[in-house]
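Here's the structure, in structure tokens; my notes come after.
The values are calculated or read from the model by the stated rules, or taken from the named source; none is laboratory data. Please read these numbers as outputs of a predicted model, since none were measured by experiment. Here Cβ is always computed from backbone atoms with ideal geometry, including for glycine, and neighbour counts include all displayed protein chains.
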Amino acid sequence: MNEKRWIAMLGAGIMSASLLAGCGGTSATQGSGSTGQDKGTVTIGYVNWSEGVAMTNLVHAILEDKMGYHVETTMTDAAPLFASLASGGTDVFLDAWLPVTHKSYMDKYGDRLEDLGINYENAKIGLVVPSYVDIDSIEDLNNAADSFDATIVGIDSGAGIMSTTTTAIDEYGLNYELMPGSGPTMTAALKKAIDAENSIVVTGWTPHWMFARWDLKFLDDPKGVYGAAEHIHTIARKDFSTDMPEVAAFLQNFSMTSDQLGDLMGTIADDTSGKDPIDLARGWMSQNEDLVNSWIAS
């Protein structure tokens, strides 16, 4: 089976599973948590990106177990998620990349949203290859198109990095196909290529656990299409701070360093026991009580 067909089939399977999970609407674990209180329901939307999955499950655990709220989580793509935030159908999104990646959504919906602040600094997007690949710049990709099967392995089609990569293809005159999929599709394809020591180029970003697992590098971007380092923001629907001031205050305090988020992402990505990510996040929360308590407004 050729590489493109394998990636496409894998992507279809994972995306189908993701859509089924997203259509379920609510998280598997709901309730008032260990506080014994019931202060209302917080709805959190997320995209199937590793840092967003990790932060969403951690915030879910904190809100339920320490603050007494019901939590409902829904996985979807970026475009419908921003539309839902703007219409008031979703309360919070923890994984908005600004000022570049999600600029188009903020331009469209920003007057109907609240920015609760930065939860992670100096994030980066771009094209990523294994370090053993013998090119260092996006400009070199056409000269090595055969070894890469003239394919860039992408993630979900609504992601900002995908539209930026489409721009990069135009700006650099790349004779490449951008193949959509999902975060898990991309990392599965990356693993397969690395295991065989083959060339592969993917849409990548930090923070991401794949940089801890494999020796990878960003391709230089001399035209600056992917921009400089970005920050990850917590975005809420309009009037959320008025409706749920305690939750808003907590989310405004919530921020993680590279080491903290990397550790949390690794805890979830490296688990082989089959535990639900919310349970893994609860375990991480219990091991980092001082940090978690510092986020919760008194």
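Determine which single condition residue 202 fails, assuming it passes every other condition in (1) in a strand (DSSP E or B); (2) more than 21 Å from the chain's Cα centre (by Cα).
The single condition residue 202 does not satisfy is (2).
Kindly provide the set of residues from the stretch 191-211 that are free of Cβ contacts under 8 Å to residues at least 12 places away in the same chain and among the aromatic types (Phe, Trp, Tyr), ordered by number.
Answer for the stretch 191-211, where residues must be free of Cβ contacts under 8 Å to residues at least 12 places away in the same chain and among the aromatic types (Phe, Trp, Tyr): just 211.
Which of the numbered conditions does residue 120 fail, given that it passes all the others? Conditions: (1) touching a Pro at 6+ places or on another chain (Cβ under 7 Å); (2) part of a loop (DSSP other than H, G, I, E, B).
(2)
Among 103, 108, which is outside the structural domain of residue 189 (by TED's automatic domain parsing) and farther than 27 Å from residue 41 by Cβ?
Details: 108 fails: farther than 27 Å from residue 41 by Cβ.
After ruling out the rest, the residue left standing is 103.
Only one residue in 241, 273, 294, 298 is under 26 Å from residue 102 (Cα atoms) and either at pLDDT 95 or above or not in a helix (DSSP H, G or I) (or both). Which one? Lay out the reasoning, then the answer.
Numbers: 273 fails: under 26 Å from residue 102 (Cα atoms); 294 fails: under 26 Å from residue 102 (Cα atoms); 298 fails: under 26 Å from residue 102 (Cα atoms).
One residue alone meets the criteria, 241.
Restricting the search to the stretch 80-103, which residues are in contact with a Gly (Cβ under 7 Å, 6 or more places away or on another chain) and modelled with pLDDT under 95?
Across the stretch 80-103, the qualifying residues are 97, 100, 101, 102.
Answer yes or no as to whether residue 216 is crowded, with 16+ Cβ neighbours inside 10 Å, of a type in the set (A, V, I, L, M) and farther than 17 Å from residue 151 by Cβ. Don't jump to the end; show me each part of the working.
Details: crowded, with 16+ Cβ neighbours inside 10 Å: yes; of a type in the set (A, V, I, L, M): yes; farther than 17 Å from residue 151 by Cβ: yes.
Against the criterion (crowded, with 16+ Cβ neighbours inside 10 Å, of a type in the set (A, V, I, L, M) and farther than 17 Å from residue 151 by Cβ), residue 216 qualifies.
Quick one: in the stretch 105-117, which of the residues that are in contact with a Leu (Cβ under 9 Å, 6 or more places away or on another chain) and not in a strand (DSSP E or B) is farthest from residue 79 (Cα to Cα)?
Residue satisfying both the conditions and the ranking: 112.
Have a look at 129, 133 and point out the one that is part of a loop (DSSP other than H, G, I, E, B) and more than 22 Å from residue 53 (Cα to Cα).
Numbers: 129 fails: part of a loop (DSSP other than H, G, I, E, B).
Just one listed residue meets the conditions, 133.
Within the set of pairs 6+ apart or on separate chains, which have a first residue in the stretch 40-51 that is outside any strand (DSSP E or B), a second that is among the aromatic types (Phe, Trp, Tyr) and at pLDDT 95 or above, and C-beta atoms under 9 Å apart?
Pairs that qualify, where the first residue is outside any strand (DSSP E or B) and the partner is among the aromatic types (Phe, Trp, Tyr) and at pLDDT 95 or above, are 40/69; 47/93; 51/120.
Can you tell me which residue is surrounded by the fewest Cβ atoms within 10 Å (Cβ to Cβ) among those in the stretch 52-102 that are polar (S, T, N, Q) and part of a helix (DSSP H, G or I)?
Restricting attention to the stretch 52-102, the residues satisfying the condition of being polar (S, T, N, Q) are 56-57, 73-74, 76, 84, 87, 90, 101.
From what's left, part of a helix (DSSP H, G or I): 56-57, 84, 87.
Details: 56: 27, 57: 27, 84: 19, 87: 12.
Of everything passing the filter in the stretch 52-102, 87 is surrounded by the fewest Cβ atoms within 10 Å (Cβ to Cβ).
So which residues in the stretch 131-141 are surrounded by 15 or more Cβ atoms within 10 Å (Cβ to Cβ) and farther than 21 Å from residue 189 by Cβ?
Within the stretch 131-141, just 139 meets the criteria.
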